[in-house]
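Please treat every number below as a calculation from the coordinates, not as lab data. What you see is a predicted model; the values in this text were computed from it and never measured. We place every Cβ from the backbone using ideal geometry, glycine too, and count neighbours over all the protein chains shown.
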Amino acid sequence: KREHIPQDILNQVVLRDKGRCSFQNHGRRCHHRRFLDIHHIKPVKDGGQNTVKNLATLCETHHIYLHHQEEIDRSLALIRRLGLEQGIRG
């Protein structure tokens, strides 16, 4: 069972992240402030701790993305490839 993250640690993480998703892409930060999750940067299963340094505030969408990034990127690459091939044929 996962260890509970102390409220003071959660408060520090949310304060540091200014109450919004901390996900960045191409130098731009996500603007979402609702449906936020706390994400372990280094997973607990790999020895990650419940520390401010190892936690980040993420919106639900980016939290899911980070946990399934490889699958999503593979799928998007396939979709792009199929779309390009279809465009060439059509």
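Keeping to region 22-37, report how many residues are over 12 Å from residue 66 (Cβ atoms) and either part of a loop (DSSP other than H, G, I, E, B) or of a type in the set (Val, Ile, Thr) (or both).
7
Mind counting the residues in region 6-21 that are in a loop (DSSP other than H, G, I, E, B) and within 13 Å of residue 53 (Cα to Cα)?
1
I need a count of the residues in region 45-83 that are basic (Lys, Arg) and either closer than 18 Å to residue 14 by Cβ or surrounded by 13 or more Cβ atoms within 10 Å (Cβ to Cβ) (or both). Spell out how you get there, then give the answer.
Residues of region 45-83 basic (Lys, Arg): 45, 53, 74, 80-81.
Filter once more, keeping what is either closer than 18 Å to residue 14 by Cβ or surrounded by 13 or more Cβ atoms within 10 Å (Cβ to Cβ) (or both): 53.
Residues that pass the stated criteria total 1.
Report every pair of residues separated by at least 6 positions or lying on different chains whose Cβ atoms are under 7 Å apart, first residue within region 66-82 and under 20 Å from residue 21 (Cα atoms), second assigned to a helix (DSSP H, G or I).
Close Cβ pairs (under 7 Å, with a partner that is assigned to a helix (DSSP H, G or I)) amount to 72/65.
Can you find even one residue in region 17-35 that is surrounded by 11 or more Cβ atoms within 10 Å (Cβ to Cβ), of a type in the set (Phe, Trp, Tyr) and closer than 21 Å to residue 2 by Cβ?
Yes.
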